[in-house]
Amino acid sequence: MLLFNYTAKDKNGQVLKGEVEAENEAAAAKVLTSRDLIPITVSTHQEQTFSFLNKISLKDKVMMIRQLATMINAGLPISQSLKTLEAQTSKKNIKRVLAQASSDIEGGSQLSFALSRFPETFTTLEITLIASGETSGDLDKALLRLADQLEKQQSLIRKVRGAFIYPSFVIGVVVIVAAIMVIYVMPQMEQLYSSFDAQLPFLTRMMIWISNILSKFAPFVFLALVGTIIYIRIAIKRPTGRKMWDKVKLNIYGLNILLKKVYMARFARTLAGLVSSGVPLLDSLSIVSKSVGNAIYEELVRNAAKKVKSGIALSEALKENPLFPIVVPQMIAVGERTGELDNMLENLANYYEEEVDTTVQSISRLIEPILIVVLALIIGVFLVAIMMPIYQIGRVL
């Protein structure tokens, strides 16, 4: 059982706020309805204390879940398993989570409820999978399945990030070198150029103008740049800004191909894990919509869930979405006909994860020559701007 915060109205129209325990948001809404309350909002309960300190990396979380599954499979009680893990780790943030979870379990709570008190570490998807394992009596298998899923998620993230590490490093070096040339080198060269008593080339004059602007207003330029970055990050966190940003990402040529495959891999992998754990399809789609990582896809999955609720098959609901490749509804349709939807989704996830790997390798091979050309052009511009006046010394004299 999970803990949810709710806002609801009673028969008299008075707004009430409180907490309710249920398996998911839909079940929580039903509990409120049974109490003659009209739900307004239902959201996962969030523990505010030490929210920053409680955050655990994905790598540590995978290791913790896998070790916990092994201990439970060996017959150790959950509380004792958590205490053993607490004694083994030296990281304070993990110790704090394990100690609190162990205390909650000794107080009669289930593991899913104990971990749901740390929403900054454990997502709704992870809590739901653990809760399904508790319901079925196969908590150790559910934890192992969750650990496998998180490891594949970690591998997918590592591959995507790896494709952009080298380009980001090269671009960073180029920006630093260009800034040094403009701020420190060009002012010194300007003194030399002034002794020529002649008209400087346009490119040189442009570089000197940029150099003067940056030299005089460098602090303001830096503050403006930092402020712009902060503003963009804040705007992206808002629903409207996030939707706009996610839409832009899906329209960047080259990058959109990779991102669509990443989203399909997440969609299939997450839905496969939930369906195989016995979570109802509508609840699974609600969780999956928040786990894909893109506001546009989140809206598409929610719309598909509404159609499924009205009696339409999931494969038919996804056919109308151009952002879902035709192979996705086709394989889902096969799974629906054969009763092996979870296996089809698993195969689909494996297929798109291999596609992501292939695409990342292709992008890496393509980016290297492009970076070399761009780097050569930037260096060439600086060389021309600096050397042209020097070559003209003879003519000026």
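General remarks:
- Helix 78-88 and the long axis of the chain differ in direction by around 30°, with both axes built from C-alpha atoms.
- Taking every C-alpha pair closer than 8 Å and separated by at least 6 residues, the mean separation divided by the residue count of the chain gives a relative contact order of 14 percent.
- Entry for Rg/Rh (Cα atoms, Kirkwood Rh) (calculated from the structure that is shown) out of [x] 0.96; [y] 0.99; [z] 1.11: [z]
- Pairs from Lys11/Lys243; Lys247/Lys309; Lys59/Lys237; Lys95/Lys249; Lys159/Lys319 whose Cα-Cα separation, in the structure shown, is over 32 Å: Lys11/Lys243; Lys95/Lys249
- Cβ-Cβ FRET estimate between Met388 and Arg242, R0 fixed at 51 Å, reported to 0.05: 0.60
- Approximating the spin labels as points 7 Å out from Cα along Cα→Cβ, the Ile252-to-Ala99 distance works out to 4.2 nm.
- With Cα atoms, 0 to 90° folded angle of helix 25-34 axis to the chain main axis: 50 degrees
- Its alpha carbons give the range 58-151 an Rg and a Dmax of 11.8, 33 Å.
- Backbone geometry of the range 334-347 corresponds, through the Karplus equation with coefficients 6.51, -1.76 and 1.60 at θ = phi - 60°, to 3J(HN,Hα) couplings of 4, x, 5, 6, 8, x, 10, 4, 5, 5, 5, 5, 4, 5 Hz, x marking Gly and Pro.
- Asp60 versus Leu281: modelled label distance in nm, points set 7 Å from Cα along the beta carbon direction: 4.0 nm
- Modelled spin-label separation between Arg158 and Ile40, with each label point placed 7 Å from Cα along the Cα-to-Cβ direction: 4.7 nm.
- Scanning residues 5 or more positions from Ile40 or on other chains, those with amide H under 5 Å from its amide H are Thr7, Ala8, Lys9, with H placed 1.01 Å from N in the peptide plane.
- Most to least packed among 124-130, 348-354, 234-240 [average Cβ atoms within 10 Å]: 124-130, 348-354, 234-240
Read-outs throughout are calculated quantities, based only on the coordinates presented, and are distinct from any laboratory measurement. The model shown is predicted, which means the values in this text are computed figures rather than measured ones. For neighbour counting, all protein chains shown are included, and Cβ atoms are generated from backbone atoms with ideal geometry for every residue, glycine included.
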